[in-house]
1. Mind listing just one residue for me: the one in region B:91-112 that is part of a strand (DSSP E or B) and touching a Cys at 6+ places or on another chain (Cβ under 9 Å) and, of those, farthest from the ligand (Cβ to nearest atom)?
2. Does region B:270-289 hold any residues that are surrounded by fewer than 20 Cβ atoms within 10 Å (Cβ to Cβ) and either within 10 Å of the ligand (Cβ to nearest atom) or in a strand (DSSP E or B) (or both), and which are they?
3. Across region A:47-67, what is the total count of residues that are facing chain B (nearest Cβ under 9 Å), of a type outside the set (S, T, Y) and closer than 23 Å to A:D12 by Cα?
4. Which residues, counting only those in region B:115-142, are free of Cβ contacts under 8 Å to residues at least 24 places away in the same chain, among the charged types (D, E, K, R) and away from the ligand (no atom under 16 Å from the Cβ)?
5. Given region B:724-773, what helices (runs of 4 or more DSSP H) lie entirely inside it while holding 2 or more residues that are over 14 Å from the mean Cα position of the chain (by Cα)?
6. Of all the strands (runs of 3 or more DSSP E) wholly in region B:1-90, which have at least 2 residues that are within 30 Å of B:I138 (Cβ to Cβ), of a type in the set (V, I, T) and within 13 Å of the ligand (Cβ to nearest atom)?
7. Are any of the residues in region B:206-224 among the small types (G, A, S) and either within 16 Å of the ligand (Cβ to nearest atom) or closer than 26 Å to B:I19 by Cα (or both)?
8. What are the residues in region A:21-50 that are touching a Leu at 6+ places or on another chain (Cβ under 8 Å) and surrounded by 24 or more Cβ atoms within 10 Å (Cβ to Cβ), if any?
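Laboratory data are not the source of any read-out in this text; all were calculated from the coordinates shown. This is a predicted model, so every value here is computed, not measured. Glycine gets a Cβ as well: all are built from the backbone with ideal geometry, and neighbour counts include every protein chain shown.
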Amino acid sequence: MSDWITVCSESDLTPNTGLCALLGGEQVAVFYCGKTRKLFAVSNYDPIGEANVLSRGIMGSIGEATVVASPLYKQHFNLETGECLEDTEHKLKTYPVRLHEGEVQMQAA
Amino acid sequence: MSKQRVVVVGNGMVGHKFIDNLINHEKADQYEIVTFSEESRLAYDRVQLSSYFSGATAADLALTDREYYRDNGVNFVLSDKVVEIDRAAKVVVTESGRKEPYDKLVLATGSFPFVPPIPGNDKEHCLVYRTIDDLGMIKASAKESKVGVVVGGGLLGLEAANAIKNLGLETHVVEFAPRLMAVQLDEGGGKLLRRKIEDLGVKVHTEKATTEIVVGKECRYRMNFADGSHLETDMILFSAGIRPQDELARKFELEVGERGGIVVNDNCQTNDKDIYAIGECALWGGRIFGLVAPGYTMAKVAVSQITGGDELFQGADMSTKLKLMGVDVASIGDAHGNTPGAQSYTYNDEIEQVYKRLIISEDGTRVVGAVLVGDVDAYGNLLQMMLNDMALPENPAALILPSTGDSASVGLGVDALPDSAQICSCYDVTKADIKAAVAAGCTDMGGIKSATKASTGCGGCAALAKQVMDAELASLGYEVKNDICEHFAYSRKELADIVRVKQIKTFDELLESHGHGLGCEICKPAVGSILASFWNDYVLKDEHIGLQDTNDIFLGNMQKDGTYSIVPRVAGGEITPEKLIVLGEVAKEYNLYTKITGGQRIDLFGAQLHELPLIWKRLVDAGFETGHAYGKSVRTVKSCVGSTWCRYGVDDSVGFAIDIEDRYKGLRSPHKLKFAVSGCTRECAEAQCKDVGVIATENGWNLYVCGNGGMRPRHADLFASDLDRETLIKYVDRFLMFYVRTADRLQRTSVWLENLEGGLEYLRDVIINDKLGIAEELEADMAANIANYQCEWKTTVENPERLKRFKHFINSDEADNSLAYVLERGQRRPATKEERVQLVELVD
Ligand SMILES: Cc1cc2nc3c(=O)[nH]c(=O)nc-3n(C[C@H](O)[C@H](O)[C@H](O)COP(=O)(O)OP(=O)(O)OC[C@H]3O[C@@H](n4cnc5c(N)ncnc54)[C@H](O)[C@@H]3O)c2cc1C
């Protein structure tokens, strides 16, 4: 398992929104749920809209799943598994992420 | 086979309907059509004639135009009256001497206003109310008059009285009978109508027989009455009934009725088998039908007969429902209870001024007639019960009593109606038609209207049509549910009420108290918009930021590659050369693709996230503000150049447009809002396809609402006319806030209005007459919104904390490395997939 890399501090997070981090050349969208205090990290690339935009989507829930809706064409991606709810062909890469001593840390997947 | 020649005499409402039906018939190519009109224009909507006084133009009223007739091979001759029929040679001759042979002749000559034979009735300023030209003369006469008298207190007389009252004249109605609308109303109904009309300032004189019109002392004329009294007036409008225009029939020996009217059989044929008569000139079963719907049915029958079909005319119901000077009046069937043995129930509320009388059959099982004044909600039910011969409920009185809480138990379940029941008489739409439309996927009134045309005529059936639709939706297992999404069991309107009444300030508060889950991309922006509409907080505050949709969250319009476009506000489309140069310089420096928008602004494309604040800093410093092009909010107020430069301009449209845009800029709403102001009726700003349109007239400003261009075009409705600026702004304040409060998510004003029960009339009642008593509140809400306005970009560029988000990566200053562009017509655009591959190869 690779090392945890700090990408930003906890204070950079805005509850219920995403941000984009650069992790070893890969664009990663990080989301922070204000209610559950959970962090999620998935690839920032929207495979349907074909652009690096997912960190700018709206976070929410569909049933039990925590999701982000693509800002381009509004497909939902499960933040836990990376799966696209509308089109299971598409699956985002997911990344381990944690809050550690006030810092947001990730591991290259 | 050579074509059959069909000549149509009269191009009024029914003549045109006949032609329209024939050219859309499958055998249309077998006929050659010629029509003659005594009037100088092709058919127009006489039913809506009075709207000419509230600003509608002749073009608005037109039912057809020259192009349409030409495209369909219809020959027409205007301003030429047919004066002769040579039945043996089958030729008609016109006043100008033109001869036209026919195989089939259709008389659709309508009727003419009856002017009682009173000495002096032919003086100047003695007028009638039938054609657009008549209205032109009334308008002109009103300018030189202070007092006006309408002779005749029937339906048309009262409509005419309203018109001259609105023209600012002291208005009198003189009626020969003891009561108003004697044909349609009984004594009680007539009495209440009189009281209501007198409350509006119109003086009613009943049982007056005019004996002569002589020179007046105070006014231009004096009318002397048989009882010795008199009345002074400057203008006299005769509306003492109509007479069928049967002159040709009389002269050329077609059978006519004792009291006029061209006698026709069930085929709408006269006693000459090649001559038909339809509309108000025709006498069927001893009756004249003075309404347009039966005329339309006759037109359909005549087309069927001429083309070899077998449709028959079988009479028509003459029930009516209308609004006279704002007073609701309806008459159904045998309003006078002349049916032998008829019995009645009467409800008379002098406090609320409501009168209802229900007339039932001798055996007490059927409705035979009704009179309703002041409250006509029961019209649809009662009419359907009568037309479909339905049995009365156990307690018939309940049908006209005011509803008491459990109103659902009375009235008529629409389920009880047979499929053949005609719901819309203007367009002959049956219950079965509406059910079919629902089965084909319509789920709202907007859909029903475009699929069936139901309630797009007089609109009287809107409530009933909606009930039929709802019942059908329910029976198909649709739960008529307006929940916005899975997180809230409320509609947008209900959420808006909750937010407003409970003073909720954040999404989390609302979710906590009224929802569940985390929310989603449906409810979050909707609630974000509601919060912004009522409290107008800075949208990028921590507690609001996660609610903002794709474009709002970075205050720019996201393009397909994830970059943004920038649209600064250019109020009214007016811009100085200096500012134009700034835009050019910024675009050049950041290599932005530049395009003029439809809303008279300039759109700069291709800015990356980190560039947005840099660009906006420049723009804000140069005096620009955000244009809210990214928001579901007020966008632009388009304007023409108006009276300051234009040779034709009537008023300063640019100045007013700028004022309006500055007032409402930034207002967040259920969907985007577009405005326009035109400086004259040439309408170069295209205000009639906007949510709010304003057009200058000689007498002030006309206000149009709920128009739309775009995907589902809708012509705006004339809402009020000849307003001063202050009143117009007041109405727009109320209108916008009422829309913000009650519309569904992403519902443009056009669709909102189509789904608003009661339609335009109701909207006027709320906005102009303050029927709901909320006008002040709406204005206050708007005032608060305006007071809290800020330029979101100014706030953002001045706040370093906020600017942190405007970076592609939180942990690097690099930009998105996947963007690729190609040059086209001297500017860049995103590369397509194929082009990208080539670009990569080139780089390698
Ligand atoms: C102010 C007003 C309000 C009304 N409101 C309603 C309402 O709310 N609901 C409703 O159902 N009805 C209403 N009506 C009645 C409705 O307008 C008529 O029923 C309808 O217009 C009849 O159509 P028509 O074609 O038979 O006659 P018209 O529309 O009168 O057309 C007849 C045409 O034939 C022309 N003509 C006559 N003789 C000749 C000739 N010899 N040669 C050439 N041309 C000739 C006339 O000039 C005229 O243009 C209203 C009428 C008025 C005036």
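1. Among them, the one singled out is B:V106.
2. B:R287
3. Result for region A:47-67: 8.
4. Once the filter is applied, which keeps residues that are free of Cβ contacts under 8 Å to residues at least 24 places away in the same chain, among the charged types (D, E, K, R) and away from the ligand (no atom under 16 Å from the Cβ), region B:115-142 yields B:D122, B:E124.
5. Because the criterion is at least 2 residues that are over 14 Å from the mean Cα position of the chain (by Cα), the helices (runs of 4 or more DSSP H) in region B:724-773 that meet it are B:725-742, B:759-767.
6. In region B:1-90, B:4-9, B:82-86 are the strands (runs of 3 or more DSSP E) which contain 2 or more residues that are within 30 Å of B:I138 (Cβ to Cβ), of a type in the set (V, I, T) and within 13 Å of the ligand (Cβ to nearest atom).
7. no
8. Matches in region A:21-50: A:V28, A:A29, A:V30, A:F31, A:V42, A:N44, A:D46.
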